[in-house]
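**Q** Input: one structure, supplied below.
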2 protein chains.
Amino acid sequence: MSNLVAPHGKEEKLMPLLLEGDELKAETEKAKSLKQIKITSKESSNLVMMGIGAFTPLTGFMTKADWQRVCDNMALTDGIFWPVPVTLSTDDEEVKAGDELALVDDDTGTIMATIQVSEKYSIDKEHECKSVYTTTDAEHPGVVKVMAQPKYNLAGPVKVLSEGVYPEEFKGVYQRPAESRKIFEDLGWTRVAALQLRNPMHRSHEFLAKIAVEVMDGVYIHQLLGKLKAGDIPADVRVKAIQALVDNWFVEGTVVQGGFPMEMLYAGPREALLHAVFRQNYGCSHLIVGRDHAGVGDYYGPFDAQKIFDKIPEGALKCQNLNIDWTFHCYKCGGMASMRTCPHGKDDRLLLSGTIVRKTLSEGGELPAEFSRPEVVKILQDYYQSLDEKVEIKLHGAATGDVKK
Amino acid sequence: MSNLVAPHGKEEKLMPLLLEGDELKAETEKAKSLKQIKITSKESSNLVMMGIGAFTPLTGFMTKADWQRVCDNMALTDGIFWPVPVTLSTDDEEVKAGDELALVDDDTGTIMATIQVSEKYSIDKEHECKSVYTTTDAEHPGVVKVMAQPKYNLAGPVKVLSEGVYPEEFKGVYQRPAESRKIFEDLGWTRVAALQLRNPMHRSHEFLAKIAVEVMDGVYIHQLLGKLKAGDIPADVRVKAIQALVDNWFVEGTVVQGGFPMEMLYAGPREALLHAVFRQNYGCSHLIVGRDHAGVGDYYGPFDAQKIFDKIPEGALKCQNLNIDWTFHCYKCGGMASMRTCPHGKDDRLLLSGTIVRKTLSEGGELPAEFSRPEVVKILQDYYQSLDEKVEIKLHGAATGDVKK
């Protein structure tokens with residue numbers, strides 16, 4: 001019997017919606033003859049999350065009643081806790097309840113799933129933005145996506161046919177909840193803290209993970225593999241940099257690296273709750289919640305994502321928050337510390353802005369050893385330099401009329 | 001209403017046995033006319049623990065049935081969890097059930113309590129030693145005390161009349177459970193980890209405390225004020241050294257220093273459980289359990305005191321163990337680490353034996369900054385040097401026949 005935390009929902013078991021074997025074959029064949037609806041990368045990655053059971057117990061895209069209650073009360077109509085709408089949108093006027101459709105990823109052309117449409121409805125997008133993102137500011141990257149949604153939502157159960165590009169593109173890192181659970185069980189873990197990552201791991205992230213390693217059975221370094229904002233470091237580079245850190249700076253058997261097929265919403269507190277929901281499905285008893293978790297710009301207070309865990313109903317989530325303050329190296333302390341453990345001032349601490357880090361790396365410069373481990377720096381330097389070379393080749397090519405790939 | 005963990009026992013409230021006001025006055029007056037029984041410093045400190053409610057829900061010294069069940073099943077006859085016998089011994093042949101006695105501290109001559117004797121019985125001391133200390137080795141300092149007990153045990157409810165030397169000798173550090181609870185409540189704490197200390201705090205202990213500060217509301221640096229083994233650093237020096245560390249190296253409001261009036265038993269795992277029982281009474285939700293907690297020599301495996309928490313009945317204790325591995329400074333990691341977070345070897349770590357630490361300090365030498373903070377080193381240097389001076393004065397005095405105090 002597993003000692004891991006039970007999956008989310010009343011059934012307390014994983015409910016993957018991905019078909020397999022003959023069923024998959026038959027449904028894929030059938031899907032080819034169905035009316036096709038194009039879906040965004042966000043909808044597509046949510047389908048993969050449902051496909052692998054990471055969004056257990058969802059059975060498809062939400063109805064209007066579910067959407068409303070999730071926005072207003074962070075619960076599905078059956079009372080199960082859920083903090084963020086998972087919806088499908090279209091501007092197709094002809095689609096109606098009762099239709100069966102094939103859902104096609106607009107980027108890759110892959111048929112991701114079929115849906116049995118149970119309801120066609122429209123929503124108050126501003127209400128969703130206010131409820132989930134706490135803002136309707138058109139600059140907010142999560143709000144942008146919601147406001148750009150076509151005017152109808154389609155609800156209904158889905159059958160997932162594909163995991164998209166993830167299994168191949170992120171081989172060895174992309175994991176299904178059943179896989180991570182198996183790994184944790186084999187390691188004999190019960191108390192597992194997930195570290196949510198969407199950036200390379202510098203020493204401040206290493207420190208977060210190590211605090212958790214000290215007090216838990218192990219840490220799941222769990223990174224986002226879906227789309228990010230422009231200018232962010234691509235997932236493959238991050239994976240390599242994190243693996244170098246794990247291999248050289250952690251004790252074997254204390255951390256596991258994995259990835260999940262989702263995009264950032266930048267919904268701050270609400271997204272932190274969603275991160276906990278699906279980490280529970282992945283077998284994690286805890287989610288590390290640091291400063292400005294899942295935040296962007298100044299939309300959320302630095303600890304709003306920690307505080308929201310105190311406001312949800314008792315027992316709503318089995319995966320608990322492990323709050324950790326802002327971390328850094330303090331020369332006076334003589335090691336890594338946080339605002340809770342370092343009594344010194346700014347001048348004693350090593351704080352580098354993202355701009356300085358990027359500039360240093362792209363120029364091949366070294367980051368201080370107190371900021372980042374050398375193996376990680378090397379991988380990031382190589383990436384930034386390859387970017388520069390691409391830009392140079394492009395510029396040079398354009399000038400001579402001979403554009404190289 | 002308090003958010004702190006409830007006191008131990010069915011009542012879930014502190015049950016201090018110390019009399020106050022007129023009651024105290026009357027009982028003290030009466031005690032003078034009662035037959036007096038001399039008690040050891042261990043018995044005396046256990047009386048103070050009962051007096052201030054730290055041993056809630058005990059109402060006095062244990063009966064034979066309680067003693068037996070505590071030895072065999074770590075429970076009182078009413079089923080309440082209790083890991084270590086709390087008994088009173090005498091070789092007085094005349095005392096009998098029904099007697100009322102005054103209990104007099106043999107070191108200070110103070111009447112500590114009165115007891116209404118309910119039972120006079122003898123015990124199998126070897127059985128107690130095997131059950132509680134896992135050994136009957138005559139070299140074990142806890143076994144020595146049990147084996148040296150006079151042949152009868154006396155059971156019965158006590159009325160405590162004095163807190164002994166503690167309130168005066170350790171003013172500002174000695175605390176009753178009601179006091180620590182008040183402090184934690186005023187700080188708004190719920191999750192409080194106790195750090196058990198019987199030595200000065202070097203950086204390894206600072207690191208233990210800081211790991212807990214990162215993940216809890218606060219840490220109670222809670223040190224033993226009772227008698228230790230010969231050669232240990234006296235409590236007043238420890239208190240000063242710890243205060244210097246707290247003042248200079250912790251963030252205000254994240255730690256509280258306090259002391260408790262007990263002696264070390266060196267009972268390893270069983271004592272760790274007792275430490276958790278009375279920390280619960282002090283308002284702590286967690287007890288930090290490090291390597292060889294409450295151990296001595298090689299009697300216990302380094303993590304036995306952590307493992308025993310998994311073997312007690314569910315719900316027996318509200319105070320949970322916060323296990324942390326062996327900690328040290330690693331030059332390669334560039335900071336403090338533990339066996340769970342440092343993948344490097346012995347040569348990269350700073351490990352000093354107790355002998356080297358004492359030798360360095362008594363010679364006025366500096367300990368490496370990676371081992372101990374300078375403010376702490378200074379206080380310990382002063383102490384060891386004063387010891388040397390005392391020895392010199394004694395030697396000189398003896399030679400001239402003029403022995404100074």
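**Q** Put +1 on the Cβ of every Lys and Arg and -1 on every Asp and Glu Cβ in chain B; which of B:ALA241, B:MET216, B:PRO85 then has its Cα farthest towards the positive end of the dipole?
**A** B:MET216
**Q** Separate question: Can you work out the base-10 log of I(q)/I(0) for chain A at q = 0.10, 0.15 1/Å, using the Debye formula on its C-alpha atoms alone?
**A** -0.71, -1.47
**Q** If R0 is 35 Å, what FRET efficiency do you get for B:GLU179 and A:ASN199 from their C-beta distance, rounded to 0.05?
**A** Computed FRET efficiency for B:GLU179 and A:ASN199 comes out at 0.15.
**Q** Enumerate the aspartates and glutamates that B:LYS145 could reach by cross-link, defined here as Cα to Cα under 13 Å, with residues fewer than 8 away along the same chain left out.
**A** Filter leaves B:GLU43, B:GLU126, B:GLU128, B:ASP137, B:GLU263.
**Q** Shape call for region A:243-317 from the C-alpha gyration tensor, a ≥ b ≥ c root eigenvalues: rounded (a/c under 1.5), prolate (a/b greater than b/c) or oblate?
**A** It is prolate, given that a/c is not under 1.5 and a/b is the larger ratio.
**Q** Another question, then. Along Cα→Cβ, 7 Å out, is where each label goes; now give me the distance between the ones at A:ASP22 and B:LYS318 in nm to one decimal.
**A** Going by the 7 Å Cα→Cβ label model, 5.8 nm.
**Q** To the nearest 100 Å², how much accessible surface do chains A and B cover up together, summed over both, with a 1.4 Å probe?
**A** Between A and B, the summed buried area is about 2300 Å².
**Q** Rounded, prolate or oblate: pick one for region A:153-246, where a ≥ b ≥ c are the square roots of the eigenvalues of its C-alpha gyration tensor, a/c under 1.5 means rounded, and failing that, prolate if a/b is larger than b/c, else oblate.
**A** In terms of gyration-tensor shape, oblate.
**Q** Now for a different question. Aspartates and glutamates near A:LYS30 by alpha-carbon distance under 19 Å, same-chain residues fewer than 8 away left out - which ones?
**A** Counting by Cα, and skipping residues close in sequence, A:LYS30 has these aspartates and glutamates nearby: A:GLU20, A:ASP22, A:ASP99, A:GLU100, A:ASP105, A:GLU163.
**Q** Rounded to two decimals, what is Rg over Rh for region B:74-115 when you use alpha-carbon atoms and the Kirkwood radius?
**A** With Rh from the inverse mean 1/r over Cα pairs, Rg/Rh is 1.07.
**Q** Okay, next question. Solvent-accessible area per residue for chain B at a 1.4 Å probe radius, Å²?
**A** 43
**Q** Considering the options B:PRO157, A:PHE250, A:GLN116, tell which one lies farthest towards the positive end of the dipole of the protein assembly as shown, charges being +1 on Lys and Arg and -1 on Asp and Glu at the Cβ, about the Cα centre.
**A** My answer, from the dipole projection, is A:PHE250.
**Q** Using a Förster distance of 41 Å, how high is the FRET efficiency between A:GLU93 and A:ASP232, based on the Cβ-Cβ distance and rounded to 0.05?
**A** Once rounded, the FRET efficiency stands at 0.65.
**Q** Which of rounded, prolate, oblate describes region B:14-69, given a ≥ b ≥ c as roots of the alpha-carbon gyration tensor eigenvalues and a/c under 1.5 marking rounded, otherwise prolate only if a/b is larger than b/c?
**A** Oblate, because a/c is 1.5 or more while a/b does not exceed b/c.
**Q** Could you work out, residue by residue across A:333-346, how many beta carbons of other chains sit within 10 Å of that residue's beta carbon, and then give the average as an integer?
**A** Per-residue shielding by partner chains comes out at 6.
**Q** Here's another thing I want to ask about it. Between region A:315-382 and region B:55-100, how far is it from one alpha carbon centroid to the other, in angstrom?
**A** Each part reduced to its Cα centre gives a spacing of 55 Å.
**Q** Can I ask one more? Of B:LYS64/B:LYS229; A:LYS210/A:LYS240; B:LYS210/B:LYS240; A:LYS359/B:LYS210; B:LYS307/B:LYS346, which ones are farther than 31 Å apart at the Cα?
**A** A:LYS359/B:LYS210
**Q** Out of the total accessible area of chain A (probe 1.4 Å, heavy atoms of protein only), what percent is carbon and sulfur?
**A** 50
**Q** Shortest first and in nm with one decimal, please list how far the A:PRO302 label point sits from its counterparts in the other copies (point 7 Å along Cα→Cβ).
**A** Copy-to-copy label distances at A:PRO302, shortest first: 3.7 nm.
**Q** Given N residues in the protein assembly as shown, what is its alpha carbon radius of gyration divided by 2.2 N^0.38 Å?
**A** Scaled against compact globular proteins, the figure is 1.14.
**Q** Taking a point 7 angstrom from the Cα of A:SER386 along the C-beta vector, which residues in region A:136-179 have backbone N less than 20 Å away?
**A** A:165-174
**Q** Using the crude model of +1 on Lys and Arg Cβ and -1 on Asp and Glu Cβ, and no other charge, please compute the dipole size for region B:21-164 relative to its Cα centre, in debye to 20.
**A** 100
**Q** Which order do B:HIS275, B:HIS205 take by accessible area at a 1.4 Å probe, largest first?
**A** Largest accessible area first, the residues go B:HIS205, B:HIS275.
**Q** Evaluate the distance, in nm, between pseudo-label points positioned 7 Å from the Cα of B:ASP106 and of B:ARG358 along their respective Cα→Cβ axes.
**A** With each label point 7 Å from Cα toward Cβ, the separation is 2.5 nm.
**Q** How long, wide and thick is region B:21-164, going by the Cα atoms along their three principal axes, in whole angstroms, largest first?
**A** 44, 29, 26
**Q** Starting from the Cα of A:THR136, step 7 Å along the direction of its Cβ; do the same at B:ALA6; then give the gap between the two resulting points in nm.
**A** 4.9
The values are calculated or read from the model by the stated rules, or taken from the named source; none is laboratory data. Keep in mind the model is a prediction, meaning the values are calculated, not measured. Glycine gets a Cβ as well: all are built from the backbone with ideal geometry, and neighbour counts include every protein chain shown. All accessible areas refer to the heavy atoms of the entire protein, side chains included, with ligands and DNA or RNA removed. Shrake-Rupley method; radii C 1.70, N 1.55, O 1.52, S 1.80 Å.
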